[in-house]
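Every number here is computed from the coordinates shown, using simple stated rules; none is lab data. Note that the structure is a prediction, hence the values are computed from the model and not measured. Here the Cβ positions follow ideal geometry from the backbone for every residue, glycine too, while neighbour counts run over all protein chains shown.
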Amino acid sequence: MDFNLNEQEQAVSDLAMQILGDKVDHDRLKEIEASADDGGDWFAAAEWALLADAGLIGIALPEAHGGGGLGIIEAGLVCEAVGRHVAPVPALPTMLAAMTVAEFADDAVAAELLPGVIAGDRVLTVAVAESLREDLARPGVTADAAGALTGVKSVVEFAEAATHAVVNAVGPDGVGLYLVALDGVASEAGVTSRKQPVHELTFAATPAALLATGEDAVRWFEARYLALVCATQLGVVEGQLRLTAAYTSEREQFGRPIATFQAVTQRLADCFIQVEGLRLQTQSALWRIANGLDPWEDLRIAKWFGSEGAHFVAHGAQHMHGGIGVDVDYPLHRYTLWNKHLEVTLGAANQQLRAIGADLAATPLGR
């Protein structure tokens, strides 16, 4: 397998990196964060519009609705660019929810929602996290025969901006994916480790539309969610490592850059190995999803690197920066906070190891 980007993929990556690199700098992020502290939105709206104008939000959506007609690999490249620049835009939840609508919703629903997403006028999100429930195929939220949802979902990102959410719930025919309009849904605001506003949603016989029934549909959704989380985390840890490499090349001690000290060089090399491990496994998982192959082994290993390995990179970056690394007037702290948020999303390292162990235990000897 050759995981080098082809010409089309490289163009998508370059475009996303250029747009966010030109617009989302440290001063712009401080401006957005200050606005959020004053009750405004944690949302780079102007930059989101630029991504939409460039066709990147709908890059993986059908051409019939105005999308790019490409796939999960290209969506992953957009998410990687978002992570590299720690840009507060709803790329991951919106693209994931929109791909789910495109895959499972009827034509009328897709025609209603997807053009707005592609144009950047509509934000979608996903609501799957529940307290003490790790398995998305065994949620506590229920749906009745009419599709009305009852239960609580937590850590819902961009709920204040989104019009609809994709929700996993157990209905009369088993677990499934539902589409719910968020207007009027009771919510309670909170904040994550990366200072992002999130909401806890309480469904009380809330009307919803069934998208798909069955564990296969939920696993389809979960695989893409995991892959895009890992792609975003790849951007974050590479951003941390690049920032650290630049700092240690400029910071002098005893008359020479600290990057020339053996201990610092070795620490940077160890961080590089973790980043490249995450890159390899994420690219492999995305490639397998795009080609209709079983991605789960690669996904679990990628998420392990995106948790344990990313944690290692975050601590190494902070250590090599010394005191300046925790100064909020310096950009490193933002990468560390994003790193922690993504580390625990959909389960941290131990959960991935348990899943890998369960898969190995279920595999017949000799395979």
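Can you work out the PRE-style zone for ALA11? Point 7 Å along Cα to Cβ, and I want the residues of the range 72-91 with backbone N under 19 Å.
So the set is 72-79, 81.
How would you rank 308-320, 105-117, highest first, on the average number of other Cβ atoms within 10 Å across their residues? Please list the in-between numbers first.
Working: 308-320: 20.8, 105-117: 16.5.
In decreasing order of mean packing, 308-320, 105-117 become 308-320, 105-117.
Using the charge dipole of the range 52-107 (Lys, Arg: +1 at Cβ; Asp, Glu: -1 at Cβ; taken about the Cα centre), state which of ALA102, GLY69, PRO90 has its Cα farthest towards the positive end.
Going by the charge dipole, the pick is PRO90.
On average, how much area does the Cα convex hull of the range 230-278 cover when viewed from any direction, in nm²?
3.1 nm²
At 7 Å along the Cα-to-beta-carbon direction for both LYS30 and SER154, put a label point, then send me their distance in nm to one decimal.
Taking the two extended label points, one gets 3.4 nm.
Determine the gain in length on full extension of the stretch ALA361-ARG251; use 0.36 nm per residue of separation and subtract their C-alpha separation, reporting nm with one decimal.
Taking ALA361 through ARG251 to full extension adds about 34.7 nm, to one decimal.
State the extension gain, in nm to one decimal, for the chain segment bounded by ASN350 and ALA108, taking 0.36 nm per residue of separation less the distance between their alpha-carbons.
82.9 nm
Summing +1 for each Lys or Arg and -1 for each Asp or Glu, what net charge is found among the other residues whose Cβ lies under 10 Å from the Cβ of ALA16?
It works out to a net charge of -2.
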